[in-house]
Structure formats: structure tokens, C-alpha cells
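Student: Here's a structure for you.
FYI, it's all coordinate maths here, none of it is from the lab. Since the model is a prediction, treat every value here as computed from it, not as a measurement. Here the Cβ positions follow ideal geometry from the backbone for every residue, glycine too, while neighbour counts run over all protein chains shown.
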Ligand code: PEP
Ligand code: MN
């Protein structure tokens, strides 16, 4: 059990909870990190009078089973955090943050061509992997620092914010030197060392949901980043593994409104990895915006059939432009700007 205190609670009010628990004869432990406060009840849950605790001053809520989400948690009246996407855009505010680009950065000329096209279609950010987390060790693993230089060049030419993945703790400084937003991929969502390392630097972090992770595990991963001092975390729903075979992953869109209930972190949806199927990307983008997503992450390639990775789910330049056009009525209905 965990008693979540209002962040404005005083030491005396926290001590009051401790006294109540002591009187009930249960062990407890005060947790206070980065301005977030709570009291963990250790064992003996049966002996705890939750009603008395819930009524104590400045108690936000009493969690009987779920893990506490403190740093990323939403208090009544809180708004979604608006986080910077480079210097020209943001995510979590009225304007939708559309992040688009190739799965892998393949060459300078191809990247610049794609960047110019997605910018022209209305994207505010360019994505592209140069350290790739591939399932097979025999697949292309990315161009590394050379690819980061091309991404920085694309930013110079277009003004787009650069989102790119960091795979290891030792790469964090290097990637942070070039990127505007550091992506932690699905395979690394459980890597608490990497989460802490990206939390120890100041660039925003785009955290992708592990494909086998529950929503609670996803939010707890965000807590690992935030507790190191970096509260600029963008959550990305990218689909989970289920028994389904007609899609690569099952896009769990219900987490979007659920995250909005629990957390202040902005959430983007990745319908490219979330379906693995090009033709499903546009309809799921519409659905994502309709259910409250703050942005989209979409794989775009000038020649998807020749892409070095994830071609089957990548849109070509014209398909991306058409998606952006058709998204407009959904953005309007959701009272968002595009
Ligand atoms: C990617 O964004 O290209 C990627 C590898 O995503 P994920 O970690 O969601 O599989
Ligand atoms: Mn990909």
C-alpha cells in the first residue's frame, strides 16, 4: 500500500500519517524525492484503516494495490505539460506535434530529401535512427555518429527538431550533443540504467512503451527518468505484442485517454510500429488524434520499398502529405491545431 501526499504537504502533515500508521502497528517508510512525497506501508495491509488515512489532511490518495506514480502523476486541475520540441515547436500544447522521418538514417541526400518533404507537409520534427535497435544482429545497425551529423544538417536546413534513439548509457552525451529529443526504444524501456542516464541530462526524452509492458510499468519507467531531474518526458504508445498476426503490433489506443487521467506527461502515438502495415497508418493516426494524443510519430521514406528497415510500414512522401491533409478535420474536432 502507498499513501500519496499532496506535493504541498508539510513535514508535520507527513509525520501525522506516520503517527497514524505507528498507532495501527504497521511498518512504514517515508519517500521524498524530487519534491514528491508519500508513505509506503510495508506488509500488514489488513491492519490498516484506509478511511482514516484517506481523510487525513493533504493526503492525495491511498493506493491499495497499484504502484505510485508520483513525478508523472496528475493532480486535480493539472494540465498536460507542454514540452519543447527543439527551439521552434512544442508538444502537449494546443498544436499537435507531428514527428516524421525514416526508420533508419540511410544517407545524407536521402535524409535531406525526406526532411524537406515532411517539413513542407507540416511536420515539426524529424525522426531517424542512427543507433538502431534491430531484432537481428545481422541487420543494418545504423550509421552512428555520421548519421547524427546528417540529422544536425537536416535541422539546420529545415528548422525541424531532431528525435533520435540512444541505446546505451555511454552514448547519451554524444546523442544529446546532436539531438533535440532523445528516444528510448521499446526494447530499452525496462533498462533502468539507461533511463537514469537520460534523466541525468537536460534534453527531452521520448520514451517508447515496451511491447510487453503494462501501462503501469510504462509510467514507472518515466518515473526513473524524472527522478534524476529531467521531467521532460514524452510518452510514446507504439503497440504491444498480442496473439494477433494481421498486424505487427496491436496499437493500444485506450492508453491515451487513460494516461490523460493519470499523468501530466504528453503522449504521442506511433501508428507505424503500432501496426506495421502502411495502409493502417492513416486511419490509426486519425483515431489517435480523436482520442486525445498530443502528437504522432510516423515513419516516412522517399522510396519505402527500398528502405533499409521498416519499409512495409513507411509512408512515401505523397502518402504523408495526404495523411496530414486528411488529419485536419480530426485535429479540429479534437480542438487542436495542426
Ligand atoms: C523506431 O522508432 O524505429 C523503433 C525501433 O521503435 P521501437 O523501439 O518502438 O521498436
Ligand atoms: Mn522503425
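Student: Compute the FRET efficiency between residue 261 and residue 187 as 1/(1 + (r/R0)^6), taking r as their Cβ-Cβ distance and R0 = 30 Å, and round to the nearest 0.05.
Tutor: Approximately 0.65, to the nearest 0.05.
Student: For the chain, what is the calculated [θ] at 222 nm in deg cm²/dmol (nearest 500), taking -39500 (n - 2.57) for each run of four or more DSSP H residues and dividing by its residue count? Show your work: numbers first, answer last.
Tutor: Numbers: 11 runs with 118 residues, N = 338.
Mean residue ellipticity, 222 nm, calculated: -10500 deg cm²/dmol.
Student: Right, next: To test your reading of the geometry: what angle, between 0 and 90 degrees and rounded to tens, separates the Cα axis of helix 317-333 from the longest principal axis of the chain?
Tutor: Rounded to the nearest ten degrees, it is 40.
Student: Continuing with this model, one more query. Let me have the relative contact order for region 1-143, percent, based on Cα pairs under 8 Å that are six or more residues apart.
Tutor: Taking the mean separation of contacting Cα pairs over the length of region 1-143, I get 19 percent.
Student: Multiplying the sequence separation of residue 108 and residue 279 by 0.36 nm and subtracting their Cα-Cα distance, what value in nm do you get?
Tutor: Residue separation times 0.36 nm, minus the Cα-Cα distance, leaves 58.8 nm.
Student: What's the angle, to the nearest 10 degrees (0 to 90), between helix 215-226's Cα axis and the longest principal axis of the chain?
Tutor: Roughly 90 degrees, rounded to the nearest 10.
Student: Round to the nearest 10 and give me the degree value, 0 to 90, for the angle of helix 278-290's Cα axis relative to the longest principal axis of the chain.
Tutor: Orientation of helix 278-290: about 40 degrees from the principal axis.
Student: Explain nothing, just the number: relative contact order of the chain, from Cα pairs under 8 Å at least 6 residues apart, as a whole percent.
Tutor: Relative contact order of the chain: 16 percent.
Student: Using a ≥ b ≥ c from the Cα gyration tensor of region 239-329 (square roots of the eigenvalues), is it rounded, prolate or oblate, where a/c under 1.5 gives rounded and otherwise the larger of a/b and b/c decides, a/b for prolate?
Tutor: The shape class here is oblate.
Student: Taking 0.36 nm per residue of sequence separation and subtracting the Cα-Cα distance, how much length would be gained by fully extending the chain between residue 51 and residue 79, in nm to one decimal?
Tutor: Working it through step by step, the gained length comes to 7.2 nm.
Student: Then there is this: Please list, in order, the residues from region 113-138 whose amide nitrogen is less than 19 Å from a point placed 7 Å along the Cα→Cβ vector of residue 157.
Tutor: 113-130
Student: Please give the FRET efficiency for residue 246 paired with residue 135, using the beta carbon to beta carbon distance and R0 = 25 Å, rounded to the nearest 0.05.
Tutor: So, using R0 = 25 Å, E works out to roughly 0.80.
Student: Report the label-to-label distance for residue 19 and residue 58 in nanometres (one decimal), using points 7 Å from each Cα along the Cα→Cβ vector.
Tutor: Placing both labels 7 Å beyond Cα along the Cβ direction yields 1.4 nm.
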